[in-house]
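**Q** Sharing a structure, written as structure tokens. Questions coming.
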Amino acid sequence: MKITGIKTWRVPPRWCFLKIETDEGVHGWGEPVLEGRAATVEAAVHELSEYIIGKDPRRVEDIWQMLYRGGFYRGGPILMSAIAGIDQALWDIKGKALGVPVHELLGGAVRDKMRMYCWIGGDRPNEIGRQAKEVVEIGFTAFKMNGTPEMAIIDSYEKVDDAVARIAEAREAVGMGVGIAVDFHGRVHKPMAKILMKELEPFRPMFVEEPVLAEHLHALPEIAGNVSYPIATGERMFSRYEFRGVLERGYVDVLQPDLSHCGGITEARKIATMAEAYDVALAPHCPLGPIALAACLTVDFVSHNAFIQEQSMGIHYNKENDVLDYMVDPSPLQIVDGYLPLLEKPGLGVEINEAFVEERSKDASNWKNPIWRHEDGSIAEW
């Protein structure tokens, strides 16, 4: 079997899909994207495609190593996202060619279904109590919310009180039996993170995500050393080498690699295994489309330390299209009572509607994340 070509499409709301074709008619789908930089990743995919045309797509590890090590300058969000989409598609091809789900090729499933969570609240969270009740009523046992809008490096206690009040409202609405993850989104700097994390302790978060930016992880022992709930991070880390230091220092409880950013299934599987050796949980980041979600689930199903999976169905920015719209048959990704059953179809287990992808690509927006500013006019973290 030989790779004959790669096609890409940028599609609403802010995703990029990839299809690898072969001379035997077997094809695979991937999702190489970096939110807000989709066009750049797409260009990187086509640049990397020169290395793989004519190669056997079933040699997934060898191709991964070639794409990664074949460049003197390597790693980072753009190149690793491009490799991720290619890697997902190669695994999809291999599974289809052998007639089995990819998780069968990675040792087989360790669970029958995966616990899922959803989002509430948006970038500037409001009506938290109502939304929390609604998602629990449809079967979710956990959800995630942004903890705060922008926050200055030294900000007011009023901002802290507002953030705490939102989490309190959510907890009051659903009781103690529902998991509430709070995403700081890198918006909170170290001085305020110390205060806010302590104030959240009575509400027992399932985890607090990105309490500081990835470039400031050295501060975690100082700001999180005394809290009694899990700390999560990883969506802005792009290889096992970046995760290594986090694991060695022992200050993170949940790793959140993104299967469309960290080199795909091949690299995420290695990250998951590294985390298991340190007794650290896995909860892949995935506010993306159906292929990325299927890739995440593939790793979840073979990773003993995976405990919950993010997904973006109904999230506040899926305005033009949603996750299931791009599937021929949406049933493999239908969440039932807060869980998603084992993917059973060959490959990644999802069939993409190429005609619909082609049609929607005509309306793809050049999405960029918002630019926020503080009251004094300086740039704020989004």
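The values are calculated or read from the model by the stated rules, or taken from the named source; none is laboratory data. Computed from a prediction, not measured in an experiment: that's the story for all the values here. A quick note on method: Cβ atoms are made from the backbone with ideal geometry, for glycine too, and the neighbour counts reach across all protein chains shown. The accessibility values were calculated without ligands, DNA or RNA, using every heavy atom of the protein model including side chains. Shrake-Rupley method; radii C 1.70, N 1.55, O 1.52, S 1.80 Å.
Residue by residue, here is whether (1) in a strand (DSSP E or B); (2) modelled with pLDDT of 95 or more; (3) within 30 Å of D155 (Cβ to Cβ); (4) not acidic (D, E) holds:
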position	(1), (2), (3), (4)
P332	no, yes, no, yes
L343	no, yes, no, yes
G349	no, yes, no, yes
A355	no, yes, no, yes
R360	no, yes, no, yes
D363	no, no, no, no
W367	no, no, yes, yes
P370	no, no, yes, yes
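**Q** Would you mind finding the one in E172, E134, E158 that is in a helix (DSSP H, G or I), among the charged types (D, E, K, R) and within 22 Å of L340 (Cα to Cα)?
**A** The match here is E134.
**Q** Do the conditions hold for D322, that is, is it under 26 Å from H185 (Cβ atoms), open to solvent by less than 10 Å² (accessible area, probe 1.4 Å), out of contact with any Phe, Trp or Tyr (no Cβ under 7 Å at 6 or more places or on another chain) and charged (D, E, K, R)?
**A** no
**Q** What are the pairs, 6+ residues apart or on separate chains, where a residue within segment 106-131 that is closer than 15 Å to S303 by Cα and in a loop (DSSP other than H, G, I, E, B) has its Cβ under 6 Å from a residue that is open to solvent by 30 Å² or more (accessible area, probe 1.4 Å) and not small (G, A, S)?
**A** Pairs found: A109/L342; V110/H304; D112/L342.
**Q** Is it the case that G108 is open to solvent by less than 50 Å² (accessible area, probe 1.4 Å) and within 30 Å of M66 (Cα to Cα)?
**A** Yes; evaluated as a whole, the condition is true for this residue.
**Q** Looking at the structure I just gave you, is A38 farther than 23 Å from L343 by Cβ and in contact with a Phe, Trp or Tyr (Cβ under 8 Å, 6 or more places away or on another chain)?
**A** On the way: farther than 23 Å from L343 by Cβ: yes; in contact with a Phe, Trp or Tyr (Cβ under 8 Å, 6 or more places away or on another chain): yes.
Here the answer is yes, as A38 does meet what is asked.
**Q** Scanning segment 282-299 for residues that are of a type outside the set (V, I, T) and farther than 18 Å from W119 by Cβ, which turns out surrounded by the most Cβ atoms within 10 Å (Cβ to Cβ)?
**A** Within segment 282-299, the first condition is being of a type outside the set (V, I, T), and the residues that meet it are 282-290, 292-297.
Checking which are farther than 18 Å from W119 by Cβ leaves us with 282, 294-295.
On the way: L282: 25, A294: 29, A295: 33.
Across segment 282-299, the extreme among qualifying residues is A295.
**Q** Test F307 against the criterion of being touching a residue at least 60 places away in the same chain (Cβ under 8 Å) and surrounded by fewer than 20 Cβ atoms within 10 Å (Cβ to Cβ), and give yes or no. Even if it seems obvious, please write down each step before you answer.
**A** Details: touching a residue at least 60 places away in the same chain (Cβ under 8 Å): yes; surrounded by fewer than 20 Cβ atoms within 10 Å (Cβ to Cβ): yes.
Here the answer is yes, as F307 does meet what is asked.
Yes/no per residue for (1) over 30 Å from P332 (Cβ atoms); (2) over 18 Å from the mean Cα position of the chain (by Cα); (3) of a type in the set (A, V, I, L, M, F, W, C):
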site	(1), (2), (3)
I120	no, no, yes
N126	yes, yes, no
G129	yes, yes, no
T141	no, yes, no
A163	yes, yes, yes
E172	yes, yes, no
M176	yes, yes, yes
K190	yes, yes, no
E199	yes, yes, no
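**Q** While we're looking at this one, here's another question. Which pairs turn up if I take residues in segment 206-230 that are touching a residue at least 60 places away in the same chain (Cβ under 8 Å) and look for partners that are open to solvent by 40 Å² or more (accessible area, probe 1.4 Å) and assigned to a loop (DSSP other than H, G, I, E, B) with beta carbon separation below 9 Å, at least 6 apart in sequence or on another chain?
**A** M206/P230; F207/P230; F207/D253; V208/P230; L213/H189; L213/R236; L213/E381
Conditions tested, residue by residue: (1) farther than 28 Å from I379 by Cβ; (2) surrounded by fewer than 18 Cβ atoms within 10 Å (Cβ to Cβ).
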{"position": "V174", "(1), (2)": "yes, no"}
{"position": "V188", "(1), (2)": "no, no"}
{"position": "I195", "(1), (2)": "no, yes"}
{"position": "M206", "(1), (2)": "yes, no"}
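**Q** Residues that are of a type in the set (F, W, Y) and closer than 24 Å to L106 by Cα: does segment 222-241 have at least one?
**A** Looking through segment 222-241, at least one residue is of a type in the set (F, W, Y) and closer than 24 Å to L106 by Cα.
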